[in-house]
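The values are calculated or read from the model by the stated rules, or taken from the named source; none is laboratory data. None of these values were measured; they are calculated from a predicted model. Please note: Cβ atoms are built from the backbone with ideal geometry, for glycine as well, and neighbour counts cover all protein chains shown.
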Amino acid sequence: MKRTGDLKLIQELNRSIILETIRKHGPISRSEIAKQNELSPTTVTSAVAELINDGYVSESGTGISRGGRRPILLEFSPNNHYLIGVSISYTKITIADINLEAKINIKKIYPTKGYTGVTLINYLLQLLEDFYKLRQDHRICIGISIIIQGIVDAKKGIVHYNPVLLLEDVYLRDSVEYHFRLPTWLDNDTNAYVLAEKNFGRFQDIENLIYITIGEGVGAGVIANHHLCRGEKGGTGELGHTSIDVSGKVCGCGNRGCLENYVSWPATSNRIMKRILEGCDTQLTDYLTNNKDFITPAEFVEAVNEGDGLAIEVTHEIAEYLSAGIVNVVHLFNPQVIILGGDVTNQNQLLIESLREKLRQKTLKTLYKDLYITTSSLGKEFEMVGAASVLLQDKFQFKLTHDHHRLKTSL
């Protein structure tokens, strides 16, 4: 005889499967849901009644009759609830009101003001409080989802290590949850992006997928056999701190030759500025003024696409360094798709092509043969879609795996 706890778990899992089916395939009838998932009509009817009562699903007309009464169709209702998505980077905090299809209703961006440690956390809580007060309406907030760079233990809600923001073993999830009395999720930003590509992007059917982000740092989100890899303390994917030169530059982590010190945007920007100061003839100097002494990634990519010699040279350098790190990723995980995210990759086809060629030369032929390398499909709101995906994936079990059979029952 099955224990009550076992039956409750099975019911919750079946409810998640049914909700996911309606979300992906609605409008859809109860009988078709049962057929697709090999569930009993009773199980489907009971779960659907709960989902309608909770406002996640609604009836939306009738379908075509196949000999009896016309079936009532069901569809997902993403706007009766919302979540608050938060992205914390080194320079800004982004907060958004997001529906259950990861569509943004309102978004605010705030500078971090150089705050670190406890001061940064208190600043975040105040920003969230001000934002949340304005959102109280007829909709229901299902929780807060926070993403941040660094080593993050999503299960325990701890930021173990973020050296730039001076966060070490910070119980950030508990702090936010206690302050707002709302369920709160916390994860590494690149894990969030690969979840977003898997749940909302172009790569929902890809079994082995890796997302590499290149920005203020370098990180990787890894999905293997449809499952997100996290590691014991959330440290899977610290690609930026893998060494490509044992005699290279000393990194803040204590290692030498870390990839991050060669391909992150701060490292690339410093290399560009050094060559400009050395007298290199480049259109990149056009972006420098009396009030602006730096070059943005978007300006760099624009110069690449306009054929600027220095920009093209630096692009090939980025590809060379990056390939030295990614070849190890390919040999370790054998992915089907590698996605490159970050402003320096957007619209930068030369970087993609150069990286492909260098990986072709360095990677085992069998593993490179069917490897697809591309840029993110999430668009400019990738941060908030990522934050939403962390919460939605956990709360509703939006599918990472196609292996639903082990969860089914004929209750």
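Brief remarks follow.
- Residue within region 324-340 that is touching a helix residue (DSSP H, G or I) at 6+ places or on another chain (Cβ under 8 Å), part of a loop (DSSP other than H, G, I, E, B) and either assigned by TED's automatic domain parsing to the domain that holds Lys92 or in contact (Cβ under 8 Å) with a residue 60 or more places away in the chain (or both) present: yes
- Scanning region 230-246 for residues that are under 15 Å from Gly217 (Cα atoms), surrounded by fewer than 19 Cβ atoms within 10 Å (Cβ to Cβ) and either outside the structural domain of Ile339 (by TED's automatic domain parsing) or free of Cβ contacts under 8 Å to residues at least 40 places away in the same chain (or both) yields one hit, Ser243.
- Test set (1) exposed (fewer than 14 other Cβ atoms within 10 Å of the Cβ); (2) in contact with a His (Cβ under 8 Å, 6 or more places away or on another chain) - Asn255 fails condition number: (1)
- Among the residues here, Ser31 qualifies as in a helix (DSSP H, G or I), among the hydroxyl-bearing types (Ser, Thr, Tyr) and at pLDDT below 90.
- In region 120-157, the qualifying residues are those that are among the polar types (S, T, N, Q) and modelled with pLDDT of 95 or more, and the one that is nearest to Ile88 (Cα to Cα) is Ser145.
- Answer from Ile276, Ile318 - the residue that is within 30 Å of Val159 (Cα to Cα), in contact with a helix residue (DSSP H, G or I) (Cβ under 7 Å, 6 or more places away or on another chain), assigned to a helix (DSSP H, G or I) and among the aliphatic types (A, V, I, L, M): Ile318
- Looking only at residues of region 102-156 that are small (Gly, Ala, Ser) and under 26 Å from Gly201 (Cβ atoms), we find that the one that is surrounded by the most Cβ atoms within 10 Å (Cβ to Cβ) is Ser145.
- Filter result (among the acidic types (Asp, Glu) and touching a Gly at 6+ places or on another chain (Cβ under 8 Å)) within region 222-259: Glu238, Asp245
- The set of residues from region 180-197 being part of a helix (DSSP H, G or I) and buried (at least 24 other Cβ atoms within 10 Å of the Cβ) comprises Asp189, Thr190, Asn191, Ala192, Tyr193, Val194, Leu195, Ala196, Glu197.
- Options Lys113, Lys107; residue that is touching a residue at least 24 places away in the same chain (Cβ under 8 Å), basic (Lys, Arg) and outside any helix (DSSP H, G or I): Lys107
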